[in-house]
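Here is the structure we will look at.
All of the numbers you see were taken from the coordinates with simple rules; none came from a lab. What you are looking at is a predicted structure, and each value in this text was computed from that prediction instead of being measured.
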Amino acid sequence: MYIKKSLGLLFLWMLFSSCTQEKEFFHEGDILFQDGDCGDFCDAIRKVTEGYEGMDFSHNGLLMQENGDWFVLEAIGKGVSKTPIEDFLYRHLNEQGNPKVMVGRLKPEFRSMIPAAIQEAEKHLGKPYDYAFDFDNDAFYCSELIHFAFKSANNGRYFFTPKPMTYNDPDTGVLFPVWESYFMELGIPVPEGELGLNPGGMSLEPVLEMIEIQLSSDNIER
């Protein structure tokens, strides 16, 4: 695993520093969609939302560059964070030891909003994770952070489209047990039907071009 990760990081360095077309692979403002491993929670999320071309995504973050280094602005359990890209990419790996990540890139006509969106997302660094999935509190979950960042950049108008969220199993119409326990522990009602966003649904938004990335030692020319 260590060798695979080291080779993957070497290839990532090549993407950033070579004089070839690959140097420009990542763009500031890219949204990185991740297929995470979070047990029953991820299974429930996947079951109610199909992502781009049927793929599964349970997390996403916004890519930014600072002093030549790449970071991902993301809302995770410890709160809104600025995570080094290597830490983000290698958080969840496939069987080949490669990152389970796709890039969502804004179409050219929308890219002028990126600096303002990043600036807005940075304002929320350190704020808590939104365990209640509530648009009206001062906390954020992953897709919510990106949604409000681009809403601000879009002069207060929706850029990504919130939709009524469901926590019910589509096969039975009954609340997933994992969500029942989750909201009972929080002591709040299940926000069934409340507006929200999730990574899978966001990956289908028409403002994005979805791009596969290949971070593998097999891609390195010898």
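Tabulated data for the structure shown
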{"quantity": "Exceeding the 21 Å Cα-Cα cut-off - candidates Lys82/Lys163; Lys78/Lys151; Lys123/Lys151", "calculated": "Lys82/Lys163; Lys78/Lys151"}
{"quantity": "Computed over the chain, Cα set: Rg, Dmax in Å", "calculated": "17.7, 57"}
{"quantity": "Normalised contact order of the chain, rounded percent, pairs of Cα under 8 Å and 6 or more residues apart", "calculated": "26"}
{"quantity": "Gained length - Asp37 relative to Asn94, 0.36 nm times residue gap less alpha-carbon distance", "calculated": "19.5 nm"}
{"quantity": "Zero-based 5 Å bins, Cα pair distances in segment 127-206, whole percents", "calculated": "3, 14, 22, 25, 18, 10, 6, 2, 0"}
{"quantity": "Degrees, to the nearest 10: 142-153 long Cα axis against longest axis of the chain", "calculated": "80"}
{"quantity": "Share, in percent, of DSSP beta bridges within segment 58-143 that are antiparallel, nearest 5", "calculated": "90"}
